[in-house]
Amino acid sequence: MALTTWALRKSLWVYHVNTGACNNCDIEVLELLTPRYDIERFGMVLVGSPRHADVLAVTGVCTRQAMPRLQEVYLQTPKPCVVLAIGSCSLEQGIFTEAYHMGPKVDETIRAVDPGAIILYVPGCPPKPEAMIDAAVKAMEFLKTL
Amino acid sequence: MSGQAMWAILTFLAAGIGTMLLGLALRWVDRKVTALVQWRVGPPWYQPLADVLKLMGKETLMPSTARGTGFLLAPIIALSATAVTAAILWRTLLVPQEGFLGDLIVVIYLLMVPALMTVLGASASGNPHASIGAGREVKLLLSYEAPLLLAFLVPIARSGWTLDLGRIVTAQAASPVVFSVSGVLAVVVAVVCMQAKLGQVPFDLAEAECEIMSGVYVEYSGPSLACWLMARMMLLALLPLLLILMFWGGLHTGAWWGVPAFLGKYVLFVALVTLIRNTNPRLRIDQTMRLFWFVLVPAAAVAVVLSMTGISRGIPWL
Ligand code: SF4
């Protein structure tokens, strides 16, 4: 299985889930594709379907509306897969934490359907693209231990 | 087992695996060149291999709306049809004397199988995006098959109406089809059709990833998606080869320049695919059908008429 683990680390396909972000984190995620950061160097590409994905890049606060959808998308992703919780919103719900429309936090939502989920946190409002690349590298390191 | 059957199986395996590796390499070149055009660094050389290996190690998810057998069989049939095409084409290239009557027909049918299987697998997956993609794939198939077959009529006519790929290749030993007016016209038509058959950018509307989320493949995951990727990469390696065999006379094994000339032609056709892909936006389905039916079909028909006039009047350059 060492070969497939190597391949998984070298070819992480990302599906981007917005669970109620202010769009700033999403813009920073798209930055990763630009010539300046070029995430394809690491074999990462954005894909259009969670069934193709290895990484779920989750941005936003996880509203009550978004919560069941996020769980559904997580279950639709073939395992092994990694969840990147991007931005202060998806970590601790940031400034929206006491608003009326909040669901549980992103990690609690995902742990409710899969207690063993691999979740990495990228703090920042919004986090810099460098921070996201760092998170991706840490995910690759973590996948070595699978 | 008789020696001949053994030999056939060996040819099949060697051609299948060889085409697979060539396809992986070409896919990397395609992605790297695209990255360089966009001022990016691009993926490392083992990227397509890593993609396929990774998908092999992931789980296969079956949507609850899917019809299991059709959904899972479609990519396997598409991959095997491509591998058989590979065996026939490489054999024709290396030993053109030993074809069988009508192998061109077999190749044309086999090359249609991946597209038909895409439609089958997409409809079996029960996803609305996939069904839109399947509808577009059918329309695309209806658009590009007619001009492609008309373009193929030009080399068939010039080699004395034979359907034997080997005879078409050997008939071009003296003067390839592409060195004539009708030949040039037919090659241009065939290159555009090749782009559509590969599902590359101006004609990638069946899997448009930003509007219908990779359409026909949206529900595929793990090994079955890997089968689709491999079938696509093998087609990327095979269609330039088919065009060279039909229009540019294959490998001249006798002369010293045979192999380098063949490599040059091959690189030229592959570069054309990447070039067209990088310089064009995606066409809508109505624009695509209009292009194929009202521009390329008449162009291919003119090419056929020109070549037949040339043959009957004895004008070699027509
Ligand atoms: S973390 Fe900041 S930038 Fe990102 S979605 Fe929340 S408020 Fe917007």
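The values are calculated or read from the model by the stated rules, or taken from the named source; none is laboratory data. These numbers were taken from a predicted model, which means no experiment stands behind them. Using ideal geometry, Cβ is built from the backbone for each residue, glycine included, and neighbour counts are taken over all protein chains shown. Side chains are part of the model used for accessible areas, which takes the heavy atoms of the whole protein and leaves out ligands, DNA and RNA. Shrake-Rupley method; radii C 1.70, N 1.55, O 1.52, S 1.80 Å.
Return a yes/no flag: does the stretch B:45-66 have any residue that is within 18 Å of A:Pro35 (Cβ to Cβ), in contact with a helix residue (DSSP H, G or I) (Cβ under 9 Å, 6 or more places away or on another chain) and of a type in the set (Ser, Thr, Tyr). Outline the logic, then answer.
Here is the first cut: in the stretch B:45-66, the residues within 18 Å of A:Pro35 (Cβ to Cβ) are B:47.
Next, from what is left, pick out any that are in contact with a helix residue (DSSP H, G or I) (Cβ under 9 Å, 6 or more places away or on another chain): B:47.
With of a type in the set (Ser, Thr, Tyr) added as a condition, the list becomes none.
Checked against the condition, which is being within 18 Å of A:Pro35 (Cβ to Cβ), in contact with a helix residue (DSSP H, G or I) (Cβ under 9 Å, 6 or more places away or on another chain) and of a type in the set (Ser, Thr, Tyr), the stretch B:45-66 yields no hits at all.
In this structure, is B:Gly126 open to solvent by less than 20 Å² (accessible area, probe 1.4 Å), at pLDDT below 85 and touching a Lys or Arg at 6+ places or on another chain (Cβ under 8 Å)? Taking the combined requirement at face value, the residue does not satisfy it. Tallying residues that are within 16 Å of the ligand (Cβ to nearest atom) and open to solvent by 70 Å² or more (accessible area, probe 1.4 Å) within the stretch A:8-42 yields 5. For B:Leu296, the conditions (1) within 14 Å of chain A (Cβ to nearest Cβ); (2) aliphatic (A, V, I, L, M); (3) under 19 Å from B:Ser143 (Cβ atoms) all hold with the exception of (1).
Taking the stretch B:99-131 as the range and being assigned to a helix (DSSP H, G or I) and small (Gly, Ala, Ser) as the test, the residues that pass are B:Ala115, B:Gly121, B:Ala122, B:Ser123, B:Ala124, B:Ser125, B:Ala130, B:Ser131. Restricted to the stretch B:51-84, and to residues there that are surrounded by 21 or more Cβ atoms within 10 Å (Cβ to Cβ) and facing chain A (nearest Cβ under 7 Å), the residue that is farthest from A:Lys79 (Cα to Cα) is B:Asp51. Restricting to the stretch B:170-209, and then to whatever is part of a helix (DSSP H, G or I) and either out of contact with any helix residue (DSSP H, G or I) (no Cβ under 9 Å at 6 or more places or on another chain) or among the small types (Gly, Ala, Ser) (or both), can you tell me which residue is most open to solvent (accessible area, probe 1.4 Å)? Among residues in the stretch B:170-209 that are part of a helix (DSSP H, G or I) and either out of contact with any helix residue (DSSP H, G or I) (no Cβ under 9 Å at 6 or more places or on another chain) or among the small types (Gly, Ala, Ser) (or both), the one most open to solvent (accessible area, probe 1.4 Å) is B:Phe179.
Within the option set A:Glu98, A:Glu141, A:Glu130, being within 16 Å of the ligand (Cβ to nearest atom), over 20 Å from A:Gly20 (Cα atoms), surrounded by fewer than 13 Cβ atoms within 10 Å (Cβ to Cβ) and more than 14 Å from every other protein chain (Cβ to nearest Cβ) holds for one residue only, A:Glu130.
Within the stretch B:21-44, the set of residues being in contact with a helix residue (DSSP H, G or I) (Cβ under 6 Å, 6 or more places away or on another chain), more than 7 Å from chain A (Cβ to nearest Cβ) and free of Cβ contacts under 8 Å to residues at least 24 places away in the same chain comprises just one member, B:Trp28.
Looking only at the stretch A:114-127, count how many residues are in a loop (DSSP other than H, G, I, E, B), open to solvent by 20 Å² or more (accessible area, probe 1.4 Å) and within 16 Å of the ligand (Cβ to nearest atom). Lay out the reasoning, then the answer.
Looking only at the stretch A:114-127, we keep the residues that are in a loop (DSSP other than H, G, I, E, B), and these are A:114-117, A:123-127.
Right, trim to open to solvent by 20 Å² or more (accessible area, probe 1.4 Å) and you get A:114-116, A:123-126.
Next cut, within 16 Å of the ligand (Cβ to nearest atom) only: A:123-126.
Qualifying residue count for the region: 4.
Across the stretch A:51-88, which residue is least open to solvent (accessible area, probe 1.4 Å) among those that are touching a residue at least 40 places away in the same chain (Cβ under 8 Å), out of contact with any strand residue (DSSP E or B) (no Cβ under 7 Å at 6 or more places or on another chain) and within 13 Å of the ligand (Cβ to nearest atom)? If we take residues in the stretch A:51-88 being touching a residue at least 40 places away in the same chain (Cβ under 8 Å), out of contact with any strand residue (DSSP E or B) (no Cβ under 7 Å at 6 or more places or on another chain) and within 13 Å of the ligand (Cβ to nearest atom), then A:Cys62 is least open to solvent (accessible area, probe 1.4 Å).
Contact map, the stretch B:273-288: first residue loosely packed, with under 14 Cβ neighbours inside 10 Å, second residue among the β-branched types (Val, Ile, Thr) and in a helix (DSSP H, G or I), Cβ cut-off under 6 Å, separation 6 or more or different chains; pairs are B:Asn280/B:Val201.
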